[in-house]
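Below is one structure, written out as structure tokens; the observations come after it.
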Number of protein chains: 2
Amino acid sequence: MSFDPLTPTSFLRRSALVYRDRPAVVDGDLDWSYLELWERSGRLAGLLRAAGVGGGDRVAALGSNSQLMLLAHHGVPLAGAILVPMNVRLSAVELAYIVRHSGARVLLCDRELSALGAEIAAATGISLLTEDEVEAGLPDSPAFENPVADERLPLSINYTSGTTGRPKGVVYHHRGAYLQSLAMAFHLGLRADSVLLWIVPMFHCHGWCLTWGATAAGSLHVCQRQVDAGEIWRLIRERGVSHAAAAPTVLTAIAAHPDAVADPMRRPIRIATGGSPPSPTLLARMAELNVDITHAYGLTETFGPVMLCDWHPEWDRLDGQTRAKLKARQGVGNVIAEQPRIVDEDGVDVPADGETSGELVLRGNDVMLGYFEDPEASAAAQLEGWFRTGDVGVMHPDNYVELRDRSKDVIISGGENIASVEVEQAIASFPGVLEVAVVAAPDERWGERPVAFVTVAPGGEIDPPAVVAHVREQIAPFKAPREVLVVDDLPRTATGKIQKYVLRQQLWGDQERRIGA
Amino acid sequence: MSFDPLTPTSFLRRSALVYRDRPAVVDGDLDWSYLELWERSGRLAGLLRAAGVGGGDRVAALGSNSQLMLLAHHGVPLAGAILVPMNVRLSAVELAYIVRHSGARVLLCDRELSALGAEIAAATGISLLTEDEVEAGLPDSPAFENPVADERLPLSINYTSGTTGRPKGVVYHHRGAYLQSLAMAFHLGLRADSVLLWIVPMFHCHGWCLTWGATAAGSLHVCQRQVDAGEIWRLIRERGVSHAAAAPTVLTAIAAHPDAVADPMRRPIRIATGGSPPSPTLLARMAELNVDITHAYGLTETFGPVMLCDWHPEWDRLDGQTRAKLKARQGVGNVIAEQPRIVDEDGVDVPADGETSGELVLRGNDVMLGYFEDPEASAAAQLEGWFRTGDVGVMHPDNYVELRDRSKDVIISGGENIASVEVEQAIASFPGVLEVAVVAAPDERWGERPVAFVTVAPGGEIDPPAVVAHVREQIAPFKAPREVLVVDDLPRTATGKIQKYVLRQQLWGDQERRIGA
């Protein structure tokens, strides 16, 4: 009577009883209660069973932030199967690779993506179930079994967006997703009266496990199939949004939108962000809009936000610049995570001096099982039982981690390391800069030198030499770029991360770049 | 790298890093940061190790809500040992029984309880370490090992307060305490700026696991060695208390105290209560005082609050009587609990009609491993893998449980069941009634009949026939007591529960009472 396996579907089972008739999902005109979400999830499980899906089989899902994706997050595990959420911005060839590599038997796809789904099905032979087919085919009798006998078994396979090379399949387990979901609900303060606006894609680390975490809290999921700043402001007004999670690039667009007005009558909004540190300018603008930013950090390999900049109440009394500096740190392990370490090449902790940099390593219940059918990559990813993130940072004396860069984004100029993030923050504080990416360019004399790509805020104007002068006032001159290139757009992954390797390619061409790690 | 055992000491380990210099504990003049609490816990572990305590050994603790008790909650498991918290209101003979039964090797005790500790030590031969001896003996080098290789191993043994018979040792496991602590922090909304006033004893289900739950959130523990309503109001004013947990009898005393004034400048306080449903009168009074009551339910066997009356935001708009009626329900399983069932004698679920009564049964990760060295009692406590609570209640159509009575407190009169709680609530609404307990008296004609014991609110006056008339207007006349006995005090357990068996003894004397269960 003492032990039941931890599985994230148990949260929906509970919410269907406790919050029965309360709203669970809105997606356009669609409006489901928690009981409906639960029953439909069970019926999806029944449909999958009828389609021959058995225990441990993989079910791929190709969807944006739609009802179908939310349903798949519960219905697939309830059928005893393993969910493979796929990035909707990948090409048909890449998606077919994932379908084949994961060995998925059924492909669920959004209405809007039916043509792409059909193309993948034709290429791979997988059974396709479009959103309309699911809706029409749901059986009357749901399949509500306990989805897992052992909480350490795989729950899902999340393919990394793969800035280079073949995508790798990150295997999540039930136990980790359960605990991470609780941690997200706890840290974001999700409750039964919370309204979560879906911005971060559900196919990306299961939307930081909020697919289950917000369900645990009995919050309302507000779906959004196309992320659009105007639409976000409409949903905030009309649905009383209280929470969201989004990349800083999306936040920048939200803050810059003409509908972004401070409304004292609106409830405060808490938005978790990650991927890159929110700039002081963005934080200040968001505070004006009554939006509180939680800076989090995670990877596909860590069920999303394994760390967050856990905020001390006293810090509210500091000035804006100091607050922004503290908030730019990735921080500490979340409440269920092991505490992060920064180690040198021999795996020894660097001093917690805020200066000595090393690699961030992680372990604990919210670290993946490994890469699917890739023992070599799985082995290479760990160091004495710790997962190597490939991110470079420092440990501050107060035990908060601040990342300086991805290993491969560090610019090595004249033997000195330049953290691209540091240069970017200096440039971001220049008036009129909307976004910035700093990457290494080849340099005959120094080996590498920093080059900045910037986009301009609406109505703004940028004079590159003035930017360079501005940067040299703030950080060591050798770190300042001599070239500041104004561009219309920065290349991005599906989750909104800037693809620096694309920018580097422009600068390096065929030339080979030698990097340490 | 994926799995680490769940153990509640990991929360302090995290908080010592994350909230390092933030306040963790105040106890009189004593004031510790989270780092200090962690280091002292590790040093207590070192002291215990030096005293010969090894893995799996039991360490008894005799303390009120003191720094020593909080320290023991972390230091004992950090030494790999099993904590046995003891009820300070038990007699030396009863305490010696627990020491012997648990096989404890060391007894920690509060300064104020040193004489009692010495008496137990003399009787049992256990090594005594008083609060002062601990303070003087703490070694310089702490023992900070991972306290448990398997999260399913015993963490503590909690002896039931035992209204009758020998106390039974309820064995808690690390996994359950970890999950229950997270659930408490989540449901009570504990955060780093929360201030928890200790009212529920730490020796009672580890203070509903708040010893670890509030630590997980980085909240401040405000100790209170003697529960006193005036002192509670002083600590609320001076320490900015935001949270507490207490029996309704304590809440009644808080509400009736002359210092109980509504102060719009004070932060709102959330108090979790359980043991018996808060009366509508109490809830209304608490709302005036800006205190929000969370009604919870639990047993020693379930790590404390396994259920709570999870509040729907819409219910705030209902009238006071309806709100109180909804809040009187024990509710639903907490976020980590399995959902409760109400079953008939054959273990079959009764209809969810709010009328058909049955026994509450529970299972899940926050159910005990069993009774220590008592396989017979352990076996008797379960029914097909579910723990039998011995509590009688109904399942409402919205899946919320409402308990009607303890099996043994049901009054069977003329073949009809009378729930003592229902009669008590009718009497509690009579002006001037402070507290009430209704028990069965022997009756020649009906077998049993209800008799009420009431205490009078300060400045109030009670006319027993008027009470009887008042009750007959509200509930079926056969349920109304003919006798209403005004008394100065009601007998209580150490945790504030009214001891109905003491009252029944007064009425039954040597006469044997036959009850069903």
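Within segment A:411-426, the presence of a residue that is touching a residue at least 12 places away in the same chain (Cβ under 8 Å), out of contact with any helix residue (DSSP H, G or I) (no Cβ under 7 Å at 6 or more places or on another chain) and among the hydroxyl-bearing types (Ser, Thr, Tyr) is excluded.
Only one of B:Pro264, B:Pro313, B:Pro305 is away from chain A (no Cβ under 14 Å) and surrounded by fewer than 18 Cβ atoms within 10 Å (Cβ to Cβ). Can you tell me which? Just one listed residue meets the conditions, B:Pro264.
Within segment A:466-493, residues that are under 16 Å from A:Val439 (Cα atoms) and touching a residue at least 12 places away in the same chain (Cβ under 8 Å) sit with their Cβ atoms under 8 Å from residues that are basic (Lys, Arg) and outside any helix (DSSP H, G or I), at 6+ positions apart or across chains, in these pairs: A:Val468/A:Arg482; A:Pro481/A:Arg449; A:Arg482/A:Arg449. The listed residues are A:Val291, A:Val332, A:Val306, and the only one of them that is among the aliphatic types (A, V, I, L, M), more than 23 Å from A:Ser194 (Cβ to Cβ) and within 21 Å of the chain's Cα centre (by Cα) turns out to be A:Val332.
Could you please let me know if B:Leu503 is touching a strand residue (DSSP E or B) at 6+ places or on another chain (Cβ under 7 Å), among the aliphatic types (A, V, I, L, M) and either under 21 Å from B:Pro277 (Cβ atoms) or surrounded by fewer than 16 Cβ atoms within 10 Å (Cβ to Cβ) (or both)? Full working, then the answer.
On the way: touching a strand residue (DSSP E or B) at 6+ places or on another chain (Cβ under 7 Å): yes; among the aliphatic types (A, V, I, L, M): yes; either under 21 Å from B:Pro277 (Cβ atoms) or surrounded by fewer than 16 Cβ atoms within 10 Å (Cβ to Cβ) (or both): yes.
The answer is yes for B:Leu503.
Within segment B:406-428, is there a residue that is over 20 Å from B:Phe303 (Cα atoms), aliphatic (A, V, I, L, M), within 13 Å of chain A (Cβ to nearest Cβ) and touching a strand residue (DSSP E or B) at 6+ places or on another chain (Cβ under 8 Å)?
Of the residues in segment B:406-428, the ones over 20 Å from B:Phe303 (Cα atoms) are B:407-428.
Remaining after also requiring aliphatic (A, V, I, L, M): B:410-412, B:418-419, B:421, B:423, B:426-428.
Now drop any that are not within 13 Å of chain A (Cβ to nearest Cβ), which leaves none.
Checked segment B:406-428: no residue is over 20 Å from B:Phe303 (Cα atoms), aliphatic (A, V, I, L, M), within 13 Å of chain A (Cβ to nearest Cβ) and touching a strand residue (DSSP E or B) at 6+ places or on another chain (Cβ under 8 Å).
Filtering segment A:223-246 for residues that are in contact (Cβ under 8 Å) with a residue 60 or more places away in the chain, within 14 Å of chain B (Cβ to nearest Cβ) and either more than 14 Å from the chain's Cα centre (by Cα) or surrounded by fewer than 24 Cβ atoms within 10 Å (Cβ to Cβ) (or both) leaves an empty set.
Put simply, of B:Arg43, B:Arg22 the only residue that is closer than 24 Å to A:Glu338 by Cβ, in contact (Cβ under 8 Å) with a residue 40 or more places away in the chain and touching a strand residue (DSSP E or B) at 6+ places or on another chain (Cβ under 8 Å) is B:Arg22.
Where helices (runs of 4 or more DSSP H) sit wholly within segment A:110-194, those with at least 2 residues that are more than 20 Å from the chain's Cα centre (by Cα) and surrounded by 21 or more Cβ atoms within 10 Å (Cβ to Cβ) occupy A:114-124, A:131-137.
If you go through segment A:316-338 and pick out every residue that is within 14 Å of another protein chain (Cβ to nearest Cβ), out of contact with any helix residue (DSSP H, G or I) (no Cβ under 8 Å at 6 or more places or on another chain) and free of Cβ contacts under 8 Å to residues at least 24 places away in the same chain, you end up with 1. Check segment A:476-483 and report whether any residue there is assigned to a strand (DSSP E or B) and crowded, with 23+ Cβ neighbours inside 10 Å. No, segment A:476-483 has no match at all.
Which one is modelled with the lowest pLDDT, of the residues in segment B:75-97 that are of a type in the set (Gly, Ala, Ser) and surrounded by fewer than 24 Cβ atoms within 10 Å (Cβ to Cβ)?
Kept after step one, since they are of a type in the set (Gly, Ala, Ser), are these residues of segment B:75-97: B:75, B:79-81, B:91-92, B:96.
Cutting the leftovers down to surrounded by fewer than 24 Cβ atoms within 10 Å (Cβ to Cβ) gives us B:80, B:91-92, B:96.
Numbers: B:Gly80: 94, B:Ser91: 86, B:Ala92: 91, B:Ala96: 96.
Selected residue: B:Ser91.
So, in segment A:1-12, exactly how many residues are of a type outside the set (Phe, Trp, Tyr), in contact with a His (Cβ under 9 Å, 6 or more places away or on another chain) and under 18 Å from B:Arg341 (Cβ atoms)?
Going residue by residue through segment A:1-12, those that are of a type outside the set (Phe, Trp, Tyr) are A:1-2, A:4-10, A:12.
Okay, now just the ones that are also in contact with a His (Cβ under 9 Å, 6 or more places away or on another chain), so A:2, A:5-9, A:12.
Okay, now just the ones that are also under 18 Å from B:Arg341 (Cβ atoms), so A:2.
Within segment A:1-12, residues that are of a type outside the set (Phe, Trp, Tyr), in contact with a His (Cβ under 9 Å, 6 or more places away or on another chain) and under 18 Å from B:Arg341 (Cβ atoms) number 1.
Report yes if some residue within segment A:369-385 is under 29 Å from A:Val439 (Cβ atoms), within 21 Å of the chain's Cα centre (by Cα), of a type outside the set (D, E, K, R) and buried (at least 21 other Cβ atoms within 10 Å of the Cβ); otherwise report no. Yes, segment A:369-385 contains a residue that is under 29 Å from A:Val439 (Cβ atoms), within 21 Å of the chain's Cα centre (by Cα), of a type outside the set (D, E, K, R) and buried (at least 21 other Cβ atoms within 10 Å of the Cβ).
Of all the numbered requirements in (1) more than 14 Å from chain A (Cβ to nearest Cβ); (2) more than 30 Å from B:Pro375 (Cβ to Cβ); (3) touching a Phe, Trp or Tyr at 6+ places or on another chain (Cβ under 7 Å), B:Phe186 misses one, and that requirement is (1). For segment A:316-335, filtering for residues that are on the phi > 0 side of the Ramachandran plot and in a loop (DSSP other than H, G, I, E, B) leaves 0.
Would you tally the residues in segment B:451-462 being loosely packed, with under 15 Cβ neighbours inside 10 Å and in contact with a strand residue (DSSP E or B) (Cβ under 9 Å, 6 or more places away or on another chain)? Let's see the steps before the verdict.
Taking segment B:451-462 first, the residues loosely packed, with under 15 Cβ neighbours inside 10 Å are B:458-461.
Remaining after also requiring in contact with a strand residue (DSSP E or B) (Cβ under 9 Å, 6 or more places away or on another chain): B:458, B:460.
Total meeting the criteria: 2.
The residues listed here are B:Ala50, B:Ala16, B:Ala72; of these, the one that is more than 14 Å from every other protein chain (Cβ to nearest Cβ), small (Gly, Ala, Ser) and buried (at least 21 other Cβ atoms within 10 Å of the Cβ) is B:Ala72.
Once segment A:328-347 is narrowed to residues that are farther than 30 Å from A:Arg175 by Cβ and surrounded by fewer than 19 Cβ atoms within 10 Å (Cβ to Cβ), the residue that is modelled with the lowest pLDDT is A:Glu345. When A:Ala214 is tested against the conditions (1) part of a helix (DSSP H, G or I); (2) in contact (Cβ under 8 Å) with a residue 40 or more places away in the chain; (3) touching a strand residue (DSSP E or B) at 6+ places or on another chain (Cβ under 8 Å); (4) surrounded by 24 or more Cβ atoms within 10 Å (Cβ to Cβ), the lone failure is (2).
The values are calculated or read from the model by the stated rules, or taken from the named source; none is laboratory data. This one's a predicted model, so the numbers in the text were calculated from it and none came from an experiment. Positions of Cβ are backbone-derived with ideal geometry, glycine not excepted, and every protein chain shown enters the neighbour counts.
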